[in-house]
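For reference, the structure discussed in these notes is given below.
Each reported figure results from applying straightforward, stated rules to the coordinates on display, with no laboratory input. None of these values were measured; they are calculated from a predicted model. A quick note on method: Cβ atoms are made from the backbone with ideal geometry, for glycine too, and the neighbour counts reach across all protein chains shown.
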Amino acid sequence: MEKSMDAARDPEFQRQRYGGEFYRRMRTVRWLLRYDCRYRLLLMEELFRRHGVPFEHQKVFELGFGTGDLLLRFDTTCTLHGCELSLGAIEALRRDPRLADYAGAELLLAGEDGTPRFPGSGYDLVIASHVLEHVPDDRTALAQLAERTRAGGLGLFFMPLERPRHNPDHARIYTAAGFERLLAASGWEPMEVMENFRYASHWVQVINWPSRHRVPVLGPLVEGVKNVALSLPPASFARLVERPLELMHVAPYQLMVLARKVRPQRAASAVG
């Protein structure tokens, strides 16, 4: 397991996996089949309503924005910034006609060593959705995000809760308690921590083993059947069955955390 995680920490490994045409091919079809992305979007909307976070007049940065669907959920009064390891993802989002309506938009390619690059600073909100498990150094990435966020600004983080060896593309696995400690060490204060997505829990990932291990023919077939099957119900259905599945002790597959950047004086007192 450690050997595969070491390989996944190499930016070139991640670039080969997600670069090229990964985010350019069939973007509409890919969105229709990405039940997990639609669920994150629903969870983000609910979370922001609970905490009074507006979708308007925000300066937003997303690390590893992929198809850009979380960024494009924000109102056109917002400024959208992003960084990606995939040039294809950047080019595809730049061609999206919706981007031209925003108050500002700038997208950068990550450094050769996988280091995030930022078009600006003073962000109201930074997002990393299923990205930190891929980066070479997650603590450094979180600290860089905090540095570029205004005092009191927010961070929204999604990451998988996996058992070992479930995904060879991931450089590490997370627990809720471990990630809270990581946030505290990186300049963030957790506001809400939620384990969820039992709808696509570990039994689904076990079935998906041929896809994750790149088994020829069988892998793509299993991946396609799984995505179609799980995409048929709406995202609201996954939300509806979350509590019953929790009562049945079905393990969560995703961690969602809303955090606030620690103000300098509080950070200094914590170090003291």
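Here are the numbers for the structure shown:
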{"quantity": "Karplus 3J(HN,Hα) series, Hz, for segment 173-184 with 6.51 cos²θ - 1.76 cosθ + 1.60 (x for Gly, Pro)", "calculated": "10, 10, 10, 4, 5, x, 6, 4, 5, 5, 4, 4"}
{"quantity": "Peptides ranked, highest mean first, by Cβ atoms within 10 Å: ranges 34-42, 152-160", "calculated": "152-160, 34-42"}
{"quantity": "Estimated translational D of segment 201-247 in µm²/s (Stokes, Kirkwood radius over Cα pairs; 25 °C; 0.890 mPa s)", "calculated": "208"}
{"quantity": "Percent antiparallel among DSSP beta bridges (both partners in the chain, rounded to 5)", "calculated": "40"}
{"quantity": "Among 76-89, 45-58, 243-256, the order from most to least packed when residues are scored by Cβ within 10 Å on average", "calculated": "76-89, 243-256, 45-58"}
{"quantity": "Protection-proxy order for peptides 214-224, 232-242, each taking the mean of Cβ atoms within 10 Å per residue, highest first", "calculated": "232-242, 214-224"}
{"quantity": "Gained length - Val204 relative to Ala185, 0.36 nm times residue gap less alpha-carbon distance", "calculated": "3.5 nm"}
{"quantity": "Within the chain, helix-based [θ] at 222 nm, where runs of 4 or more DSSP H residues each add -39,500 (n - 2.57), nearest 500", "calculated": "-11500 deg cm²/dmol"}
{"quantity": "Isotropic mean projected area of the C-alpha convex hull, segment 47-118 (nm²)", "calculated": "4.8"}
{"quantity": "Principal axis box of segment 2-264, alpha-carbon based, largest edge first, Å", "calculated": "47, 41, 36"}
{"quantity": "Net length gained if the chain between Val241 and Arg17 were fully extended (0.36 nm per residue, minus Cα distance)", "calculated": "77.4 nm"}
